[in-house]
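There's a structure below that I have some questions on.
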Amino acid sequence: MAEKKAAKKAEKFDPKTLTYSKKSGWDGINEAKMKEIMNFAEGYKKFLTDAKTEREAVNTIFELAKAKGYKNIENATKNDKKIFINFDNVACVLAEINHTDFDKGWLMVGSHIDTPRLDLKGYPLYEKEDMAYFKTHYYGGIKKYQWVTRALALHGVVITEAGKTVNVVVGEDENDPVFTINDLLPHLAQEQMEKGARKVIEGENMNILIGSIPYSFKYDKDSVKLAILDFLYKKYGFKEEDFVSAELQLVPAGKARDVGFDRSFVGAHGQDDRICAYSALQAIFDAGKTKENKFAMFFDKEEIGSKGNAGANSNILERAVNKLINLYGKGDYNTLINSLANSRFLSSDVNAGIEPEWAGAFESMNAGKVGWGVCLTKFTGAGGKGNSNEAHAEFVAKCRAAFNKDDARWQTAELGRVDLGGGGTIAMFIAEYGMQVLDVGTPILSMHSPFEVASKADLYNTYLSYKAFYKYL
Ligand code: MN
Ligand code: MN
């Protein structure tokens with residue numbers, strides 16, 4: 001009898017069920033799901049448009065969190081369960097406390113809100129050929145030639161000697177002027193065109209055109225520069241020396257846009273890594289009441305190595321958890337160390353989507369395919385996984401099981417072909433605390449360019465995967 005049963009079972013067995021196949025984020029969905037994906041992207045586009053610098057991102061995150069009942073830790077008591085922590089206006093934390101047994105650790109999702117762009121130098125303003133310019137120093141890994149001859153907006157703050165903060169945003173309103181970097185006309189570019197892409201536009205030539213009318217309509221030495229200073233003083237109340245204590249950034253002007261006839265993509269600057277930041281934000285809002293304590297951190301300085309006091313390669317995470325456990329009267333060293341070590345962390349950063357025109361840079365079986373879900377990246381690094389955190393298989397299994405529970409579409413992804421290059425994320429810095437860390441993020445096209453492209457399906461599945469992590473881990 002038992003033999004017969006076994007034989008019947010063997011007959012029914014289909015070996016095809018053993019194969020793993022990725023599933024596209026668009027595959028088999030219905031109209032209702034399509035609507036959810038499209039609606040979610042509308043909120044994301046607004047976030048990208050409102051939060052073009054890390055400071056604007058911190059403000060925007062706090063505004064959205066306040067509406068969900070989060071309170072700044074500065075005015076919170078232990079009766080508050082939803083807490084916001086601000087670090088120098090450039091990084092922040094959202095935490096939802098569901099128990100005070102902090103030794104058990106937290107469910108954490110960590111993204112970064114800085115992005116490649118052009119920063120003004122400390123002494124930026126000069127005049128040449130009766131035109132005024134700002135000198136810049138680029139921030140993060142960019143292809144410099146992508147940033148010339150396009151409309152740029154100026155965002156940031158100037159802190160005066162008296163400590164007054166002046167907010168500056170120019171170039172976003174349709175009636176605002178914009179700024180630009182000029183390039184040599186092709187007719188005279190024979191020498192330039194012979195140069196390699198690194199040298200076609202050099203860092204010292206990335207100067208921003210800002211004006212040309214002389215002070216009092218009278219040409220004199222530096223009279224155009226003087227007219228600009230006069231304008232800045234009258235409009236914003238700051239002087240040339242104040243640039244030294246300013247953080248002013250040039251970013252592509254304009255709103256995030258839909259891309260494609262079917263509107264399946266979002267195009268905008270800064271999607272690395274605000275696509276993960278926005279997904280994490282909505283996930284912590286929407287995961288509902290859970291047993292575990294939830295935590296979302298938004299770091300600064302990832303694009304320049306996670307250094308500085310608001311980068312992941314500092315003790316910022318430790319300071320955040322310490323502030324929280326102190327609020328609830330559990331602030332001893334043992335609890336802090338255990339709370340960190342027993343946490344589980346998704347390093348939420350974007351991955352490279354396969355670019356079909358540069359297919360040779362990718363290994364298609366293990367590269368992120370745009371539209372095919374959030375990327376699950378066990379390790380990053382270069383040259384034999386160098387400088388990467390490698391997630392433990394046990395933790396990967398738990399995350400994958402959680403994602404599958406809510407049908408969050410995911411795919412495995414390495415950053416490019418073996419031996420080609422590579423890159424790192426914050427994962428390795430976080431793992432130093434002893435916690436489990438896995439890289440999970442959205443595949444992106446044209447990463448670090450002024451107009452990055454992401455699939456709306458991948459955005460939505462990134463959100464679903466983070467939400468499932470908060471719900472089930
Ligand atoms: Mn990133
Ligand atoms: Mn990046």
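Select from region 69-101 those trypsin sites (Lys or Arg not before Pro) which occupy a DSSP coil region and have at most 13 other Cβ atoms within 10 Å, ordered by residue number.
Within region 69-101, the qualifying trypsin sites (Lys or Arg not before Pro) (loop, at most 13 other Cβ atoms within 10 Å) are 78.
For residue 392 and residue 103 in one chain, what is 0.36 nm times their gap in residues minus the Cα-Cα distance, to one decimal in nm?
This chain segment gains 101.9 nm when fully extended.
Excluding same-chain residues fewer than 8 positions from residue 135, which aspartates and glutamates have a Cα within less than 19 Å of its Cα?
119, 127, 183, 202, 204, 222, 230, 240, 241, 242, 247
Continuing with this model, one more query. Whole number please: convex hull volume per residue of the Cα set in region 106-185, in Å³?
So the per-residue Cα hull volume is 192 Å³.
Something else: Once region 5-140 is represented by equal point scatterers at the alpha-carbon sites, with solvent omitted, what log10 I(q)/I(0) does the Debye formula produce at q = 0.11, 0.13, 0.16, 0.18 Å⁻¹?
-0.76, -0.89, -1.04, -1.14
Would you calculate a helix-derived [θ] at 222 nm for the chain, using -39,500 (n - 2.57) for each DSSP H run of n ≥ 4 and dividing by the full residue count, to the nearest 500?
Computed mean residue ellipticity for the chain: -9000 deg cm²/dmol.
Can you return the lysines within cross-link range of residue 4? Criterion is Cα-Cα under 16 Å, with same-chain partners fewer than 8 residues away left out.
12
Show me 242-254, 461-473 ranked by packing, highest mean number of other Cβ atoms within 10 Å first.
461-473, 242-254
If you don't mind, there's one more thing I want to ask. What number comes out for accessible area per residue over the chain if the probe is 1.4 Å? Units Å², please.
Roughly 49 Å² per residue, with all protein chains present.
Dividing the convex hull volume of the alpha carbon atoms of region 117-252 by its residue count, what do you get in Å³ per residue?
In region 117-252, the Cα hull volume divided by residue count equals 126 Å³.
Given an 8 Å cut-off on Cα distances and at least 6 residues of separation, report the relative contact order of region 290-334 as a percent.
Normalised by residue count, the contact order of region 290-334 is 19 percent.
Right, something else. Provide the packing ranking of 226-235, 117-126, i.e. peptides ordered by the mean count of other C-beta atoms within 10 Å per residue, highest first.
117-126, 226-235
How big, in percent, is the set of alpha carbon pairs in region 210-288 lying more than 18 Å apart?
Value for region 210-288: 67 percent of Cα pairs lie more than 18 Å apart.
Any chance you could give the angle, 0 to 90 degrees and rounded to 10, that helix 54-66 forms with the longest Cα principal axis of the chain?
Relative to the chain, helix 54-66 is tipped by roughly 50 degrees.
So, by mean Cβ neighbours within 10 angstrom, what's the order for 95-104, 420-429 with the highest one leading?
Final packing ranking: 420-429, 95-104.
Please report the relative contact order for the chain, taking Cα pairs under 8 Å with a sequence separation of at least 6, and give it as a percent rounded to a whole number.
Over the chain, the number comes to 21 percent.
Which Rg and Dmax, in Å, describe the Cα atoms of the chain?
Looking at the chain, its Cα Rg and Dmax stand at 24.7, 106 Å.
On a straight-distance basis, which lysines could pair with residue 5 in a cross-link, Cα separation under 24 angstrom, same-chain partners fewer than 8 positions away excluded?
Leaving aside lysines fewer than 8 places away in the same chain, those within reach of residue 5 are 16.
Which entries of 52/128; 35/294; 23/456; 164/235 have Cα-Cα distances beyond 23 Å here?
52/128; 35/294
Taking 8 Å as the Cα distance limit and 6 or more residues as the minimum spacing, I'd like the relative contact order of region 1-159 as a percentage.
Rounded, it is 14 percent for region 1-159.
What do you get for chymotrypsin sites (Phe, Trp or Tyr not before Pro) in region 12-100 restricted to DSSP loop and a cutoff of at most 15 other Cβ within 10 Å of the site's Cβ?
In loop regions of region 12-100 (DSSP not H, G, I, E or B), the sparsely surrounded chymotrypsin sites (Phe, Trp or Tyr not before Pro) are 13, 20.
Could you point to the residue in 196, 251, 180 farthest towards the positive end of region 117-252's charge dipole, with +1 and -1 charges on the Cβ of Lys/Arg and Asp/Glu respectively?
Working it through, the farthest residue towards the positive pole turns out to be 196.
Separation between the residue 337 and residue 407 pseudo-spin-labels, each 7 Å from Cα along Cα→Cβ, expressed in nm?
4.7
The values are calculated or read from the model by the stated rules, or taken from the named source; none is laboratory data. Note that the structure is predicted; figures quoted are calculated from it, not measured. Neighbour counts are summed over all protein chains in view; Cβ atoms, including those assigned to glycine, are modelled from backbone coordinates with ideal geometry. Only protein heavy atoms, including side chains, enter the accessible area calculation; ligands, DNA and RNA are left aside. Shrake-Rupley method; radii C 1.70, N 1.55, O 1.52, S 1.80 Å.
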